[in-house]
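The values are calculated or read from the model by the stated rules, or taken from the named source; none is laboratory data. This is a predicted model, so every value here is computed, not measured. Note that each Cβ is placed from the backbone with ideal geometry, even for glycine, and that neighbours are counted across all protein chains shown.
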Amino acid sequence: MTYLIQRDMSQPKVAIIMGSKSDLHVMQDAADVLKELGVDYEITVVSAHRTPDRMFSYARAAADRGIKVIIAGAGGAAHLPGMVASLTHLPVIGVPVKSSNSIDGWDSILSILQMPNGIPVATVALNAAKNAGILAAQILSTADEYLSSNLIAYKEELKKKVEDSAREMEAN
C-alpha cells in the first residue's frame with residue numbers, strides 16, 4: 001500500500017517460526033502483513049519435538065540477535081510457542097494451526113492457550129497468523145513512531161473498506 005511509510009530495515013525485529021514447513025500456508029499471512037506494515041522479519045522451521053536442540057538455541061539467542069517479538073505457529077500438540085516462551089523473556093504470540101492430525105484445531109488452541117502462570121503466550125484464533133503479525137507490529141509500535149503511523153493508516157484503510165461496503169449495500 002502506498003500510504004505506508006517505508007524504511008530500510010536490515011535487522012529483523014520479528015521471528016516467525018513454525019513446527020513444520022506444512023504450516024507455512026498459514027504462517028505466510030503473518031509475514032505478508034509485517035511486510036505490508038514495513039516490519040522486517042525472519043521466518044524458519046523450528047520443531048519442539050523433532051529438533052529440540054535447535055529450538056533451545058534459537059529461542060535463547062533471539063534477543064541477542066535483535067529479535068523483539070516471536071510468532072510461533074504449531075499444530076497438534078502445539079508445544080512450540082510455550083516451550084519458546086519458557087526459554088526467552090521476549091513476547092511470544094502463539095498461532096494454533098489446524099493440521100492434518102488435528103482434532104479440529106482444538107488440540108492446538110488449548111495447548112497454546114493453557115500456559116502455566118509465569119510463562120504467558122499471547123494466543124490468536126485458529127490459523128489467524130495475520131492477527132499475530134498485526135499484534136507483533138502493535139507491540140513494536142509502542143517504541144516506533146513510524147510503525148505507529150503505518151498501523152494507524154492500516155486500520156483506517158480497514159475502516160474505509162467496511163464503510164464503503166456498507167454504503168454499497170445500503171444503496172441497493
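The table for this structure:
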item	result
Qualifying residue in the stretch 159-166 (condition: part of a helix (DSSP H, G or I), surrounded by 18 or more Cβ atoms within 10 Å (Cβ to Cβ) and out of contact with any Phe, Trp or Tyr (no Cβ under 7 Å at 6 or more places or on another chain))	no
Tyr41 being among the aromatic types (Phe, Trp, Tyr), closer than 15 Å to Pro81 by Cβ and at pLDDT 95 or above	no
Unmet criterion (only one of (1) at pLDDT 95 or above; (2) hydrophobic (A, V, I, L, M, F, W, C); (3) surrounded by fewer than 21 Cβ atoms within 10 Å (Cβ to Cβ); (4) touching a helix residue (DSSP H, G or I) at 6+ places or on another chain (Cβ under 6 Å)) for Val121	(3)
Identity of the residue in the stretch 136-158, surrounded by fewer than 16 Cβ atoms within 10 Å (Cβ to Cβ) and of a type in the set (D, E, K, R), that ends up nearest to the chain's Cα centre (by Cα)	Lys155
When residues of the stretch 113-135 are limited to those that are over 13 Å from the mean Cα position of the chain (by Cα) and not small (Gly, Ala, Ser), the one nearest to Ala74 (Cα to Cα)	Leu113
Residue check for Asn127: under 22 Å from Thr44 (Cβ atoms), polar (S, T, N, Q), at pLDDT 95 or above and part of a helix (DSSP H, G or I)	no
